[in-house]
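Beneath this line is the structure, given in structure tokens, with notes to follow.
The values are calculated or read from the model by the stated rules, or taken from the named source; none is laboratory data. The shown structure was predicted, so the numbers you read here are calculated from the model rather than taken from an experiment. Here the Cβ positions follow ideal geometry from the backbone for every residue, glycine too, while neighbour counts run over all protein chains shown.
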């Protein structure tokens, strides 16, 4: 997180120094910490980062605006608080309060200057549940350093845009001193497709939490709105398990999961009096009814022109392709490699990888027990073994991919004489100098998951290289998903 001024030092001069663009519900939005923000959000984010102290049992509900936030907050509240508030009881808080009141936003409510009903977060009953639209890298240090849980919900950007466009115009129309015209679909679309919208760019927000969920699966749970709609019961059980409060067999057979789903259903919440006529007390210009429009999947098709569909599809493909396994060109082979270490220091380590053709077909897998070494050496061993195996099978045009930024930089740069990995890097350079074409590429972890599988399946009984001419059964679904673009960030956002 970049260093920021405190709330006390925030002033107009700083605001004027920030890049700005036309706003959605305000004259301008400003680029702050790589986030497009309304002016009030900037001060709130600074205050949140400085003052919020996370507790280990806190729950953070994160999302882009209009991505299913209202629904997920209700589900999380009902699940985490089910022993205090029985979901079937007639006086359940969700029957009398909007979920945004029960699960307040950091930047829009708790740390907002416009909050007339401030609640000290330290006084809230545990487990405390909060909401945020702030991207993962800009969360407070106390959240990053604690064992609190984060649940992120991602929705198809096409539907998210349409929902946010309607919501923004409703906000403009509900202001007593309406000084801005409502946004046309076309002008809102241009800003959205460029990532110039509150808490955008949308691709950065999504990718930040997606990558965190891959790196820290016990801390960040990444949900898809469409999957939550398709099988709410399954996803709710997964969420409860993640929160360390799994449903018991007695609860499930007693219907408590079904009660939570019914309590939090879109139709149920939309028809509640509090959500038909009430207002969020901390954000007085927003009527609760504006949080409930349709909640449908695919409604965007009723608004988008073919040109808009093509443009946003290209943006999504360009921005999210970096995190998906991509097919090499015809006549080229792709070698994905990885190193695995029991811990981040010197422990039992292994390396492995997989070789596939331009159609994503499995050609060869390999794994090797390395004995005791550090994680960077394991990554470099994976690169070395991947190159050697590819050469031995006759490949002369390869793309070799790895998810270690440091190992990638070591291979591409000159290593100092005293560097502990000098001999390994030199051995890699000698293989690269052979008569063949090699592209060395860094990818995100989710684009390297099959290599991670092979790196982790080495036995510690032998130091021999083990080759697989057929993929292990447990790896077939990953290989198939990569080949078909299923289960990647691209798949969930397009």
Might you let me know whether the range 214-221 holds any residue that is more than 11 Å from the chain's Cα centre (by Cα) and in a helix (DSSP H, G or I)?
no
For the range 124-153, name all the residues that are buried (at least 19 other Cβ atoms within 10 Å of the Cβ) and either modelled with pLDDT under 90 or in a helix (DSSP H, G or I) (or both).
136, 138, 143
Residue 68: passes all of (1) touching a strand residue (DSSP E or B) at 6+ places or on another chain (Cβ under 6 Å); (2) closer than 20 Å to residue 244 by Cα; (3) modelled with pLDDT under 95 but (2)
Would you confirm, using the coordinates I've provided, whether residue 161 is buried (at least 19 other Cβ atoms within 10 Å of the Cβ), in contact (Cβ under 8 Å) with a residue 60 or more places away in the chain and within 19 Å of the chain's Cα centre (by Cα)?
yes
Select from the range 164-189 the residues that are closer than 21 Å to residue 31 by Cα and in contact with a helix residue (DSSP H, G or I) (Cβ under 9 Å, 6 or more places away or on another chain) and write down the one among them that is surrounded by the fewest Cβ atoms within 10 Å (Cβ to Cβ).
180
Taking residue 326 as the residue in question, decide whether it is at pLDDT below 95 and in a strand (DSSP E or B).
no
Search result, residues across the range 222-248 that are farther than 15 Å from residue 82 by Cβ, free of Cβ contacts under 8 Å to residues at least 24 places away in the same chain and outside any loop (DSSP other than H, G, I, E, B):
227, 230, 234, 235, 238
Check the range 351-374 and report whether any residue there is out of contact with any helix residue (DSSP H, G or I) (no Cβ under 8 Å at 6 or more places or on another chain), surrounded by fewer than 22 Cβ atoms within 10 Å (Cβ to Cβ) and in contact (Cβ under 8 Å) with a residue 60 or more places away in the chain.
yes
Condition (residue is surrounded by fewer than 16 Cβ atoms within 10 Å (Cβ to Cβ), within 18 Å of residue 66 (Cα to Cα), modelled with pLDDT under 90 and more than 25 Å from the chain's Cα centre (by Cα)) applied to the range 255-273: is it met by at least one residue?
yes
Which numbered condition trips up residue 200, out of (1) free of Cβ contacts under 8 Å to residues at least 24 places away in the same chain; (2) touching a helix residue (DSSP H, G or I) at 6+ places or on another chain (Cβ under 8 Å); (3) assigned to a loop (DSSP other than H, G, I, E, B)?
(1)
The residue that is nearest to residue 19 (Cα to Cα), considering only those in the range 180-197 that are in contact (Cβ under 8 Å) with a residue 12 or more places away in the chain and in a loop (DSSP other than H, G, I, E, B), is 196
Would you check if there is a residue in the range 97-106 being under 21 Å from residue 46 (Cβ atoms) and more than 19 Å from the chain's Cα centre (by Cα)?
yes
Considering only the range 35-50, how many residues are crowded, with 23+ Cβ neighbours inside 10 Å and in a loop (DSSP other than H, G, I, E, B)?
0
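To keep it simple, each residue is scored yes or no on (1) out of contact with any helix residue (DSSP H, G or I) (no Cβ under 8 Å at 6 or more places or on another chain); (2) within 22 Å of residue 208 (Cβ to Cβ); (3) at pLDDT below 95.
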residue	(1), (2), (3)
3	yes, yes, yes
15	no, no, yes
34	no, yes, yes
63	no, yes, no
Which numbered condition residue 348 misses (of (1) surrounded by fewer than 15 Cβ atoms within 10 Å (Cβ to Cβ); (2) in contact (Cβ under 8 Å) with a residue 60 or more places away in the chain; (3) in a strand (DSSP E or B)):
(1)
Could you grab me the full set of residues in the range 381-410 that are within 15 Å of residue 448 (Cβ to Cβ), under 29 Å from the mean Cα position of the chain (by Cα) and either without any contact (Cβ under 8 Å) to a residue 24 or more places away in the chain or crowded, with 22+ Cβ neighbours inside 10 Å (or both)?
382, 383, 400, 401, 402, 403, 404, 407
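Here's the yes/no breakdown for (1) at pLDDT 85 or above; (2) assigned by TED's automatic domain parsing to the domain that holds residue 214; (3) touching a helix residue (DSSP H, G or I) at 6+ places or on another chain (Cβ under 6 Å); (4) closer than 24 Å to residue 330 by Cβ:
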{"site": "392", "(1), (2), (3), (4)": "yes, no, no, yes"}
{"site": "407", "(1), (2), (3), (4)": "yes, no, yes, no"}
{"site": "441", "(1), (2), (3), (4)": "yes, no, no, yes"}
{"site": "448", "(1), (2), (3), (4)": "yes, no, no, yes"}
{"site": "456", "(1), (2), (3), (4)": "yes, no, no, no"}
Residue 302 passes all but one of (1) more than 26 Å from residue 456 (Cβ to Cβ); (2) at pLDDT below 90; (3) surrounded by fewer than 20 Cβ atoms within 10 Å (Cβ to Cβ); which number fails?
(2)
